[in-house]
Amino acid sequence: MSFDEIIDRRGTHCVKWDKMEALYGVSPDEGIAMWVADMEFRPPACVQDALQAMLDHGVYGYFGDESAYLAAICWWMENRHGWRVDPAAIFTTHGLVNGTAMCVDAFTAPGDGVVLFTPVYHAFARVIRAAGRDVVQCAMPVVDGQYTLDFDAWDAQMKGHEKMLVLCSPHNPGGRVWTRAELAGVAAFAKRHDLILVSDEIHHDLVMPGQVHTPMALIEGIADRLVMMTAATKTFNIAGAHVGNVIIHDAGLRAKFAGRMAALGLSPNSFGLFMVTAAYSPEGAAWVDRVCAYLAENARIFDEGINAIPGLRSMALQSTYLAWVDFAGTGMGREEFTARVEKGAKIAVNHGPSFGLGGDSYLRFNIAAPRSVITDAVARMQAAFADLQ
């Protein structure tokens with residue numbers, strides 16, 4: 001397949017394209033959708049073939065025997081990430097936003113604090129607040145153009161009601177691949193404050209060349225309080241399948257989570273299970289290698305073009321396909337630079353404040369699109385800020 005192919009998603013119940021005019025005032029006929037974090041690419045042929053086999057069979061009954069599905073997950077984690085997973089530790093949720101909400105429900109009580117290192121993926125705070133918990137925002141400093149972890153400041157910030165930490169690894173929206181030493185620091189922080197550590201690693205496969213993601217499960221001494229969250233959905237652009245995995249090796253935590261799953265009657269859909277089983281395969285792995293190389297070149301082109309605009313700075317991506325652009329250097333207020341992007345360049349993007357403390361001067365751009373779309377977006381941005389050049 002070619003990642004250069006333009007696929008028209010308008011009018012297909014695609015939230016990214018069909019909702020952007022209502023939400024951002026950007027027409028899908030003139031604009032570019034760079035907000036929702038899915039790709040403009042079809043998944044690998046092995047996933048399409050699995051769905052076609054379901055269609056050819058033509059009976060869509062209850063799914064049984066998850067052994068192949070669980071084996072595929074275990075194979076992927078060991079072969080791609082060096083992490084051996086016990087299949088008995090795997091739960092399947094309705095995606096990882098649901099997985100996060102389930103962790104909040106299972107391991108905390110109303111009024112408890114849930115710690116986030118901000119700015120961070122906006123859905124975390126949304127589900128935490130909806131559950132009646134307190135979002136504890138620990139703002140990350142930027143050092144040499146990258147987010148860093150300030151445990152001394154955060155130790156002083158803790159009040160004692162905090163019960164959980166949700167980590168985004170790799171980081172969305174900053175694209176950081178945390179080092180093993182940084183992850184050990186996160187683990188130590190969680191232990192010092194007696195926090196359940198939920199590590200959302202949905203972007204773990206989408207790393208830039210030369211970068212290596214370390215699963216939190218490989219950090220020593222954290223297993224008794226660790227909940228891992230992974231998914232094939234971001235990796236293979238199958239987010240509509242709404243299938244994710246919560247992986248818990250500690251028996252006590254696993255029993256608590258299993259109890260909430262049972263009480264809520266949650267079970268996955270068969271389409272998602274077939275898609276994940278097919279994706280986590282050698283053919284799927286080869287596709288991921290190709291898409292990561294393509295995304296890396298998109299990032300190079302985007303960053304080079306954006307950073308050429310005085311006052312704009314795109315944070316160098318180590319992972320994900322989500323460019324995090326700082327407009328602080330323009331001296332403009334948030335309303336002005338956002339209007340230039342949405343009304344001038346006609347690009348729909350995510351607004352920085354939704355990611356929490358530290359996001360005010362930023363916008364997030366999705367660069368998982370054909371190369372021609374990225375070059376068009378850069379040209380539009382340069383035109384929208386032409387007076388600065």
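Packing around the peptides 187-195, 40-48, taken as the average count of other Cβ atoms within 10 Å per residue, puts them in this order, highest first: 40-48, 187-195. Only alpha carbons enter this Debye calculation for the stretch 295-349, each as an equal point scatterer, and the log10 of I(q)/I(0) it gives at q = 0.13, 0.19, 0.23 Å⁻¹ is -0.33, -0.70, -0.97.
Label separation (R129 vs R42): 4.1 nm, computed from points 7 Å beyond Cα along the C-beta direction.
Full extension of the chain between S67 and A258 yields a length gain of 66.9 nm, computed as 0.36 nm times the residue separation minus the alpha carbon distance. With every protein chain in place and a 1.4 angstrom probe, the accessible-area ranking of H161, H171, largest first, reads H161, H171.
Going 7 Å from the Cα of V142 along its beta-carbon direction, which residues of the stretch 359-389 have the amide nitrogen within less than 13 Å of the resulting point? Under cut-off, by backbone N: 359-364.
Amide H contacts under 5 Å for N350: R364, restricted to partners 5 or more places along the chain or on a different chain, H placed in the peptide plane at 1.01 Å from N. What is the antiparallel percent of DSSP beta bridges lying wholly in the chain, to the nearest 5? Expressed as a percentage, antiparallel bridges in the chain total about 50. The mean of 1/r over all pairs of different alpha-carbon atoms in the stretch 155-275, once inverted, gives a Kirkwood hydrodynamic radius of 15.8 Å. Under conditions of 25 °C and 0.890 mPa s, the stretch 1-104 yields 139 µm² s⁻¹ as its translational diffusion coefficient, taking Rh as the Kirkwood radius over Cα pairs in the Stokes-Einstein equation. Once the 1.4 Å probe is applied to the protein heavy atoms, the stretch 76-177 comes out at 36 Å² accessible per residue. Derived scalar couplings between HN and Hα for the stretch 162-167 equal 6, 10, 8, 10, 9, 9 Hz in order, rounded to whole Hz, by the Karplus curve 6.51 cos²θ - 1.76 cosθ + 1.60 (θ = phi - 60°), x for Gly and Pro.
Largest GNM mean-square fluctuation across F91, F151, F124, computed for the chain with C-alpha springs under 10 Å, falls on F151. Length available on full extension from S354 to E336: 0.36 nm per residue minus the Cα-Cα distance, which gives 4.8 nm. Working note: Cα atoms of the chain, range along each principal axis, descending, whole Å: 60, 59, 38. For the stretch 260-389, the Stokes-Einstein estimate of translational diffusion at 10 °C and a viscosity of 1.306 mPa s comes to 94 µm²/s, using the Kirkwood hydrodynamic radius over alpha-carbon pairs. Other residues with beta-carbon under 13 Å from the beta-carbon of R80 carry, at +1 per Lys or Arg and -1 per Asp or Glu, a net charge of -3. By accessible area, using a 1.4 Å probe on protein heavy atoms only, the stretch 224-319 has 58% of its surface on carbon and sulfur. When the pairs K19/K163; K19/K159; K234/K256; K16/K163 are compared against a 30 Å limit on Cα-Cα distance, K19/K163; K19/K159; K16/K163 fall above it.
The spacing between the stretch 311-389 and the stretch 140-178, judged by their C-alpha centroids, is 23 Å.
The alpha carbon centroids of the stretch 217-248 and the stretch 64-88 are separated by 12 Å.
The values are calculated or read from the model by the stated rules, or taken from the named source; none is laboratory data. Everything numeric here is computed off the predicted structure, so don't read it as measured data. Cβ atoms come from the backbone with ideal geometry, glycine included; neighbour counts cover every protein chain shown. Heavy atoms of the whole protein, side chains included, go into the accessibility calculation; ligands, DNA and RNA do not. Shrake-Rupley method; radii C 1.70, N 1.55, O 1.52, S 1.80 Å.
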